[in-house]
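Chemist: Shown below is the structure under consideration.
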2 protein chains.
Amino acid sequence: MNKKQLSLLIALGMTSQLVQATEAPIALAIHGGAGTIEKAKFTPEQEQAYRQTLKQALETGYQLLEEGKPSLDAVTAAIIVLENSPFFNAGKGAVYTFDGEHELDASIMDGQSRQAGAVAGVKRIENPITLARKVMTDSVHVMLSGEGAESFAKQQGVALVDNKLFDTPFRYDALLKAKEKLEKAKNHTKDYQAAHFALPMEFKMGTVGAVALDKLGNLAAGTSTGGMTAKRFGRVGDSPIIGAGTFADNRSCAVSATGHGEYFIRYSVASDICARVAYQGKSIEKAGNEVIHDVLAPIGGTGGVIIVDSKGNISMPFNTPGMYRASKSSTSPTYVAIFKEE
Amino acid sequence: MNKKQLSLLIALGMTSQLVQATEAPIALAIHGGAGTIEKAKFTPEQEQAYRQTLKQALETGYQLLEEGKPSLDAVTAAIIVLENSPFFNAGKGAVYTFDGEHELDASIMDGQSRQAGAVAGVKRIENPITLARKVMTDSVHVMLSGEGAESFAKQQGVALVDNKLFDTPFRYDALLKAKEKLEKAKNHTKDYQAAHFALPMEFKMGTVGAVALDKLGNLAAGTSTGGMTAKRFGRVGDSPIIGAGTFADNRSCAVSATGHGEYFIRYSVASDICARVAYQGKSIEKAGNEVIHDVLAPIGGTGGVIIVDSKGNISMPFNTPGMYRASKSSTSPTYVAIFKEE
């Protein structure tokens, strides 16, 4: 648009067109978990299938942003694609608990209103991210757990599904392997806790998430997961914890985390990144790198985050061999990656 | 100690005595909840009884600090006194859920190691703060919920008690009143959520907590609660959420919060106060006042916090008519207060 066109719009009082004409930035980033994700572990076909699903989730959300829809819609839509895919540890394809079930956690946050919703330990909700959003919009609470969260779902007209819907042979195999390792370790340590701590990284991670900036300048973040393989005792990780796994604030940034959840809770990872941006004036790249590489990596806090700020910048740091991720913005083309240095 | 005595200690290599001789600061602050706590609501005897219990909790914890015990011990001991008292909404005297039971939440954090533990929705644990501490020290997790947390307790040799142990006629009366109000409001709104939101403040608050600095310079924070009267759907408030209701970091401060939990989660209150201290170089007084009065009060986020820093400074801001509170440090005498401007 040239100056003449701009003057004309202003003269005609066509402010809504003007808002569109200024081409407000939009941005979307998604992740499908971080961990020991190495090229040698994939057949070319498998790798292609993962990339295809990431691309589909990204495009589904990005299209909504292009249509001028809220960042909350884009985040929800992208996460639903990832929850419905058996490849990722959320919704269908979620890992198994020690008792052979699936317990799902999710959370979502609106950067404009700072409203948030979360569910922990739900077993019969097909898309936990949509229930987290209902907790945000249709309840007076932020976090609901277990059967109580399912009663709320029922009251809201959300269908309850069979827990077996989330079954996949791949994850069941992982449970058997994890239990075998736990059993062996127990002979040495006599301690379930120590044995679980010693499990390889791939049993303890896996999450999906999305962060977005919409045309109105509003940020949103969401996260969904099945948690740790062979988890027990109603363990809650960082994914449903606002401030740990998910955070959004229009004044700084939107963050979704994936990794060894206990570390992400103890270090309030998502809100700490936003605090460094808000209070220290750091870029999201610097703030994210500091927390992931300087704070978490030295103490063994493996994982990563995706971050979007209100200018549409995107950063996706991780300290593991790989992280399923994809991004797109007004100023950067579609990017889909799995391994380091792609 | 004069210069001559100091020289003598150094000459004799009596460094351990020297450490004691430097008189490292210690500090303890406790709270028993914030809310519509006004003088007119108490008989002189009742007021005296509340003050007496606060004093007892403070002295129990402070004595441990004087003996050189860790801040975690002081926090735990002070909270146990408050949990065991029927006056406060934690342990015995906890509010009732909508279904007429008690569901208890607690969390604790060590400012030195940044280790943390939390339990949510436990029904049969006499002192939830001690189970939160066991989650921290004897599990690989940070947060356990519901029956799973109780299975962990059993495995750890913690006795399970009858939920009726927490009953008090005063709180049962509050449940009946709350349900009556909910029922009336429902006729207008047809909406349980809106009705619950409209409940007076006193039904939605009440928590106990403690923050401490020990002789080694280590900070700790802990919080315990029965949550909101007539809560449903497995609602989780801020008390078991590290970063929201509880946070401790030796580099900045230790915080325990009390108030309308949903706001405290959305604004990551405890970790935000520590972030303002760490990243903006603010005093705990300034950081606490900003969050309680400038951030939370304008949006209706009622409540308060207690804060201790590594120099032994104490701050206890709240935006409600009153907050049960008490404090003592190396440089400040015993202080017990309930109402504003005491």
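Chemist: Relative to the longest principal axis of the C-alpha atoms of chain B, give the angle of the C-alpha long axis of helix B:128-138, reported between 0 and 90° and rounded to the nearest 10°.
Modeler: Result, in degrees: 60.
Chemist: Quick check for me: using +1 on Lys/Arg Cβ and -1 on Asp/Glu Cβ, what's the dipole size of segment A:65-174 about its Cα centre, in debye to the nearest 20?
Modeler: Around 160 debye, computed over segment A:65-174.
Chemist: Here's another thing I want to ask about it. Which of the aspartates and glutamates could be linked to A:K39 by a straight reach, that is with a Cα gap under 14 Å, when you skip same-chain ones fewer than 8 residues away?
Modeler: A:E47, A:E341, A:E342
Chemist: Continuing with the same structure: For chain B, just say rounded, prolate or oblate: build the C-alpha gyration tensor, square-root its eigenvalues into a ≥ b ≥ c, call rounded for a/c under 1.5, and beyond that prolate if a/b exceeds b/c, oblate if not.
Modeler: In terms of gyration-tensor shape, prolate.
Chemist: Given the C-alpha centroids of segment A:86-141 and segment B:263-337, what is the distance between them in whole angstrom?
Modeler: 32
Chemist: Using only Cα atoms, tell me the angle between helix A:146-155 and the longest principal axis of chain A; keep it within 0 to 90° and round to the nearest 10.
Modeler: That helix lies at roughly 50 degrees to the long axis.
Chemist: Test of understanding: in a Gaussian network model of chain A with alpha carbons linked when under 10 Å, which of A:H293, A:H102, A:H260 would top the mean-square fluctuation ranking?
Modeler: Result for chain A, Cα springs under 10 Å: A:H293 fluctuates most.
Chemist: Could you give the size of the charge dipole of segment B:29-339 about its Cα centre, using +1 on the Cβ of each K and R and -1 on the Cβ of each D and E, expressed in debye and rounded to the nearest 20? Each step should come with its number before you reach the end.
Modeler: Numbers: 33 positive and 33 negative charges, 79 e Å.
So the dipole magnitude of segment B:29-339 works out to roughly 380 debye.
Chemist: Work out the length of the dipole vector of segment B:260-317 about its Cα centre, built from +1 on the beta-carbon of each Lys and Arg and -1 on the beta-carbon of each Asp and Glu, and round it to the nearest 20 debye. Before the final figure, lay out the partial values.
Modeler: Working: 5 positive and 6 negative charges, 25 e Å.
Result for segment B:260-317 is approximately 120 debye, rounded to the nearest 20.
Chemist: Please compute, for peptide B:263-272, the average count of beta-carbon atoms on other protein chains lying within 10 Å of each residue's beta-carbon.
Modeler: Across B:263-272, the average partner-chain Cβ count within 10 Å equals 6.
Chemist: Applying the Karplus parametrisation 6.51 cos²θ - 1.76 cosθ + 1.60 with θ = phi - 60° to the phi angles of segment B:257-274, what ³J(HN,Hα) value in whole Hz is obtained for each residue in order, glycine and proline being reported as x?
Modeler: 10, 8, x, 6, x, 4, 5, 5, 6, 4, 9, 6, 4, 5, 6, 5, 4, 5
Chemist: Pairs of Cα atoms under 8 Å, at least six residues apart: use those to get the relative contact order of segment B:113-229, whole percent. Don't skip to the end; give the middle numbers.
Modeler: Numbers: 126 pairs, mean separation 22.5, N = 117.
19 percent.
Chemist: Let me ask something additional. With every protein chain left in place, what is the accessible area per residue of segment B:29-339 in square angstrom, probe 1.4 Å?
Modeler: Accessible surface, normalised per residue, equals 34 Å².
Chemist: Hey, what angle do you get for helix A:169-189 against the long axis of chain A, alpha-carbon based, 0 to 90 degrees rounded to 10?
Modeler: The helix A:169-189 is inclined about 50 degrees to chain A.
Chemist: Taking a label point 7 Å out from Cα toward Cβ, give me the nm distances from A:Q63 to the same spot in the other copies, shortest first, one decimal.
Modeler: 7.0
Chemist: Other chains' Cβ within 10 Å of A:240-247 residues: what's the mean?
Modeler: 6
Chemist: For segment B:29-339, what is the relative contact order in percent, using Cα pairs closer than 8 Å and at least 6 residues apart in sequence?
Modeler: Worked out over segment B:29-339, it gives 24 percent.
Chemist: Per-residue Cβ counts within 10 Å, from other chains only, averaged over B:227-235: what number is that?
Modeler: 6
Chemist: In deg cm²/dmol and to the nearest 500, what is the mean residue ellipticity at 222 nm of chain A if only DSSP H runs of at least 4 residues count, each as -39500 (n - 2.57), divided by the residue total?
Modeler: Calculated mean residue ellipticity at 222 nm is -11000 deg cm²/dmol.
Chemist: Relative contact order (percent) for segment B:168-239, with alpha-carbon contacts under 8 angstrom and 6 or more residues of separation?
Modeler: Dividing the mean separation by the residue count of segment B:168-239 yields 27 percent.
Chemist: Rounded to the nearest percent, how much of the accessible area of the protein assembly as shown (1.4 Å probe, protein heavy atoms only) is carbon and sulfur?
Modeler: The computed percentage sits at 52.
Chemist: Once you sort the root eigenvalues of the Cα gyration tensor of segment B:33-99 as a ≥ b ≥ c, which label holds: rounded (a/c under 1.5), prolate (a/b larger than b/c) or oblate (the other case)? Mind dumping the intermediate values first?
Modeler: Working: a/c = 2.86, a/b = 1.52, b/c = 1.88.
Oblate, since a/c reaches 1.5 and b/c is not below a/b.
Chemist: If the reach is capped at under 17 angstrom between alpha carbons, list the aspartates and glutamates near A:K177, excluding any in the same chain fewer than eight residues apart.
Modeler: Counting by Cα, and skipping residues close in sequence, A:K177 has these aspartates and glutamates nearby: A:D99, A:E101, A:D167, A:E202.
Chemist: Once the label point is set 7 Å along the Cα-to-beta-carbon vector, what list of distances in nm do you get between B:K311 and its counterparts in the other copies?
Modeler: 3.6
Chemist: How far, in nm to one decimal, is B:Q280 from itself in the other copies if the label point is set 7 angstrom along Cα toward Cβ? Shortest first, please.
Modeler: 1.6
Chemist: When DSSP beta bridges are limited to those with both residues in the protein assembly as shown, what percentage is antiparallel, rounded to the nearest 5?
Modeler: Counting DSSP beta bridges with both partners in the protein assembly as shown, the antiparallel share is about 90 percent.
Chemist: So what J values fall out for segment B:215-228 if you push phi through Karplus, 6.51 cos²θ - 1.76 cosθ + 1.60 with θ = phi - 60°, rounded to Hz, Gly and Pro as x?
Modeler: Each residue of segment B:215-228 in turn: 4, 7, x, 8, 9, 8, 9, x, 8, 8, 7, x, x, 8 Hz.
Chemist: For a quick check, take a GNM of chain A with Cα springs below 10 Å and name the residue from A:A74, A:A198, A:A270 with the largest mean-square fluctuation.
Modeler: Result for chain A, Cα springs under 10 Å: A:A198 fluctuates most.
Chemist: Here's another thing I want to ask about it. Apply the a/c threshold of 1.5 to the C-alpha gyration tensor of segment B:42-186 and tell me whether it is rounded, prolate or oblate.
Modeler: Numbers: a/c = 2.32, a/b = 1.24, b/c = 1.87.
Cα axes put segment B:42-186 in the oblate bin.
Chemist: At a Förster radius of 30 Å, what calculated FRET efficiency corresponds to the Cβ-Cβ distance of B:D173 and A:D138, to the nearest 0.05?
Modeler: 0.50
Chemist: If you don't mind, there's one more thing I want to ask. Heavy atoms only, probe 1.4 angstrom, no DNA, RNA or ligands counted: give me B:K55, B:K311 ranked by accessible area, highest first.
Modeler: B:K311, B:K55
Chemist: Report, in listed order, any pair from B:K179/B:K231; A:K123/A:K154; A:K282/A:K311; A:K134/A:K154 with a Cα-Cα distance greater than 18 Å.
Modeler: In this structure, not one pair exceeds 18 Å between Cα atoms.
Chemist: Only Cα pairs within less than 10 Å get springs; with that Gaussian network setup on chain B, which residue of B:A57, B:A174, B:A326 has the largest fluctuation?
Modeler: Looking only at B:A57, B:A174, B:A326, the largest GNM fluctuation is found for B:A174.
The values are calculated or read from the model by the stated rules, or taken from the named source; none is laboratory data. In this text, all values refer to a predicted model and were calculated from it rather than measured experimentally. Every residue, glycine among them, receives a Cβ derived from its backbone with ideal geometry; neighbour counts consider all protein chains shown. Side chains are part of the model used for accessible areas, which takes the heavy atoms of the whole protein and leaves out ligands, DNA and RNA. Shrake-Rupley method; radii C 1.70, N 1.55, O 1.52, S 1.80 Å.
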